[in-house]
Amino acid sequence: IATIFSYQANEDDKDADGMLDQDIDLDSSKLNQHSRDKLESHIADYNQMFGSNYTTRDSKSFYDYYRNVADRVKAREIDILIVVNMFLTGFDSKTLNTLYVDKNLKYHGLIQAYSRTNRILNELKSHGNIVAFRNLKKNTDAALKLFADKNAEETVFVKPYQEYVDMFNQQVASLRAIAGSPDAVDGLVSEEQKEEFVKSFRQLLKLKNTLVSFAEFVEDDVDVSAQEFEEYKSKYLDIYDIVARDTEKVSILSDLDFSLELIRRDKVNVGYILRLMAQMVGASEKKQKEIKSTLDSLMSSEPKLRSKRELIEQFLKSVLPNIDQSSDVEAEFYSFWDEQKQAEFDKLCTEAGLDRAQAERIIATYLIRGEKPRDHEIADSLIQKPSILERDSLLSRVKELLNDF
């Protein structure tokens, strides 16, 4: 959480009726003394959090603080930003999703403030959210009438919540007409049938992405349970995995967009898995089976966790039964993870004939920057240099081994 105040004496605008200024004045000498003291204390917290040294005592440092806050919001290093008359015009961050308003915005200030949230970010973010703590309906209507047209509401605002619920439930019915249950997906033999299922579930994903953005969303409103939805998602990902692996086969499924970004919006990660595993320590056999079933479902439906499934299952079988304290699970897991990672790295170097130091550098570059190694980098890391005739086939094999790792 971070905050930045405007240059004005905000205490003089008790009803929050002030219009937004187009020009940002970052002259810290104009700050009201009370505002300045409060902001200085907040900046001190910010400095401690990020290891910086900003202050309101001179305008350049205050401006640098302003720019740094903007950069960290865009980089998603700040989750919530509290502002007064700042960042409401001109600031552009596609990942900014929700604006909480406790100010009597009007006209161009209202339109520009609302627009901070409407930067589209592929299918993952199809719209923004405005949470108003004041009744801004009249001001919003007036602003739209002035700056848009009489039908603007149809394009500016999403449909009411119940309409999306109805659309979602209709799509569930369409999906079940193709595959009556998650297990029925396995019975879809032809590519045309699988294509129909993928397109239908993809549409369901898009509608779910919109539904969960509504504060009033509850699972009881939809005609598919969370568990069944996850099971359908697992089958959807099974088809994707087959298509992704068999790249040389000519298939109508190869041209499908699986919209994986809609699935990766779920905040399920290894930390969440660890908390579930910790609950298994000392639990009854029945409780352990319930948690194991939940883990299996999560690892099947989450793309990032599917790649770690074998590792997690090995830990559950070989290490977890020997842990007495739930508080030890995290440390034991990461110790086990490091051991397995080292064993896999040793195996990679042996099978590929790689120099260990060079291989570590290549892998670190990929993990940190996302840059895949070039052919000459792989060739330089080989202990035994291949002949010209062997080079292409050997490099292809090493690339496969690196991707598997």
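The values are calculated or read from the model by the stated rules, or taken from the named source; none is laboratory data. Owing to the predicted nature of the structure, the values given are computational and were not obtained by experimental measurement. Every residue, glycine as well, gets a Cβ built from its backbone with ideal geometry; the counts of neighbours run over all protein chains shown.
A few remarks follow.
- For segment 71-98, a residue qualifies if it is surrounded by 13 or more Cβ atoms within 10 Å (Cβ to Cβ), modelled with pLDDT under 90 and of a type in the set (A, V, I, L, M), and the qualifying residues are Val73, Val83, Val84, Met86, Leu88, Leu96.
For (1) under 27 Å from Ala226 (Cα atoms); (2) among the polar types (S, T, N, Q), each residue gets a yes or a no:
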{"residue": "Tyr272", "(1), (2)": "yes, no"}
{"residue": "Ala278", "(1), (2)": "yes, no"}
{"residue": "Ser284", "(1), (2)": "yes, yes"}
{"residue": "Thr294", "(1), (2)": "yes, yes"}
{"residue": "Glu332", "(1), (2)": "no, no"}
{"residue": "Asp338", "(1), (2)": "no, no"}
{"residue": "Gln342", "(1), (2)": "no, yes"}
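- The listed residue being in a loop (DSSP other than H, G, I, E, B) and more than 21 Å from Ser297 (Cβ to Cβ), out of Val189, Val243: Val189
- Filter result (within 12 Å of Ile4 (Cα to Cα) and of a type in the set (S, T, N, Q)) within segment 49-95: Thr55, Thr56, Asn68, Asn85
- Flag if Asp12 is at pLDDT below 80, in contact with a Ser or Thr (Cβ under 8 Å, 6 or more places away or on another chain), among the charged types (D, E, K, R) and within 26 Å of Asn104 (Cα to Cα): no
Yes/no per residue for (1) among the charged types (D, E, K, R); (2) under 16 Å from Ala184 (Cβ atoms); (3) free of Cβ contacts under 8 Å to residues at least 24 places away in the same chain:
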| position | (1), (2), (3) |
| --- | --- |
| Leu204 | no, yes, no |
| Val212 | no, no, yes |
| Glu219 | yes, no, yes |
| Val250 | no, no, yes |
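- Subset of segment 21-54 (residues that are at pLDDT below 70 and either exposed (fewer than 15 other Cβ atoms within 10 Å of the Cβ) or touching a His at 6+ places or on another chain (Cβ under 8 Å) (or both)): Gln22, Asp23, Asp25, Asp27, Ser29, Lys30, Gln33, His34
- Sole residue being within 30 Å of Leu88 (Cα to Cα), of a type outside the set (Lys, Arg), at pLDDT 90 or above and outside any strand (DSSP E or B), chosen from Leu207, Leu110: Leu207
- Residue within segment 357-378 that is modelled with pLDDT of 80 or more and either within 30 Å of Leu274 (Cβ to Cβ) or exposed (fewer than 12 other Cβ atoms within 10 Å of the Cβ) (or both) present: yes
- Test for Val270: is it among the aliphatic types (A, V, I, L, M), within 30 Å of Glu332 (Cβ to Cβ), at pLDDT below 80 and in the same structural domain as Ser297 (by TED's automatic domain parsing): yes
- Within segment 374-385, residues that are free of Cβ contacts under 8 Å to residues at least 60 places away in the same chain and in the same structural domain as Arg361 (by TED's automatic domain parsing) reach partners that are assigned to a loop (DSSP other than H, G, I, E, B) and surrounded by 13 or more Cβ atoms within 10 Å (Cβ to Cβ) with beta carbons closer than 6 Å, at six or more positions or on different chains, in the pairs Ser381/Asp355; Leu382/Gly353; Ile383/Gly353; Ile383/Asp355; Gln384/Gly353.
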